[in-house]
Amino acid sequence: MENTHKKFIKAAVKAALKGMDNNEGGPFGCVIVKDGKIIGTGNNKVTSTNDPTAHAEVNAIRDACKNLKTFQLTGCTIYTSCEPCPMCLGAIYWARPDKVFYGSTKADAAKIGFDDDFIYKEIALDYDKRSIPFEQCAREIALEPFKKWEGLENKTEY
């Protein structure tokens, strides 16, 4: 089984290197595997698409979900070249794969200028103490879609 995991980490690294060779973004790649086959691939495309959410894991999740025609990755395994950032970690939990394997660590990424530690620290702060302040506004108006959702009989729960 060890060789299988290395094979898929190598595929994630290959996606990262290809993306870098194409000048698409940072040094990150990801593949998603189901039943021993790659069903989704992604690399970082932040700078080429001007999209700060275009991380390798998010792109691979989008690709896999499109290919599987589902919004959840139950029965899948994610292989990513680097430990996921907080945004990708959230996307992974929403996608609900069975397991994640990663190559390099967030400390390795920080050494080359990709330090996510400040985001983890920000999450723990009170809203008014964050470097980007958060303030609630017009809750009574914003609750309208939630009330409508509660009453829907044909909704797809997730």
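The values are calculated or read from the model by the stated rules, or taken from the named source; none is laboratory data. None of these values were measured; they are calculated from a predicted model. As a convention, Cβ positions derive from the backbone with ideal geometry for all residues, glycine included, and neighbour counts pool all protein chains shown.
Among the residues here, Lys106 does not qualify as over 15 Å from the mean Cα position of the chain (by Cα) and of a type in the set (Lys, Arg). Selection of the stretch 60-111 for residues being of a type in the set (Val, Ile, Thr) and closer than 20 Å to Ala16 by Cα yields Ile61, Thr77, Ile78, Thr80, Ile92, Val100, Thr105. Note on the stretch 16-57: among residues that are in a loop (DSSP other than H, G, I, E, B) and of a type in the set (A, V, I, L, M, F, W, C), the one that is surrounded by the fewest Cβ atoms within 10 Å (Cβ to Cβ) is Ala54.
Among the residues of the stretch 44-65, those that are in contact with a Ser or Thr (Cβ under 9 Å, 6 or more places away or on another chain) and closer than 22 Å to His5 by Cβ comprise Ala56, Glu57, Asn59, Ala60, Asp63, Ala64.
Is it the case that Val13 is touching a Phe, Trp or Tyr at 6+ places or on another chain (Cβ under 6 Å), touching a residue at least 40 places away in the same chain (Cβ under 8 Å), surrounded by 19 or more Cβ atoms within 10 Å (Cβ to Cβ) and at negative phi? Against the criterion (touching a Phe, Trp or Tyr at 6+ places or on another chain (Cβ under 6 Å), touching a residue at least 40 places away in the same chain (Cβ under 8 Å), surrounded by 19 or more Cβ atoms within 10 Å (Cβ to Cβ) and at negative phi), Val13 does not qualify. Cβ-Cβ distances below 6 Å connect no pair with a first residue in the stretch 110-129 that is on the phi > 0 side of the Ramachandran plot, a second residue that is surrounded by fewer than 10 Cβ atoms within 10 Å (Cβ to Cβ) and modelled with pLDDT of 95 or more, and a separation of six or more residues or different chains.
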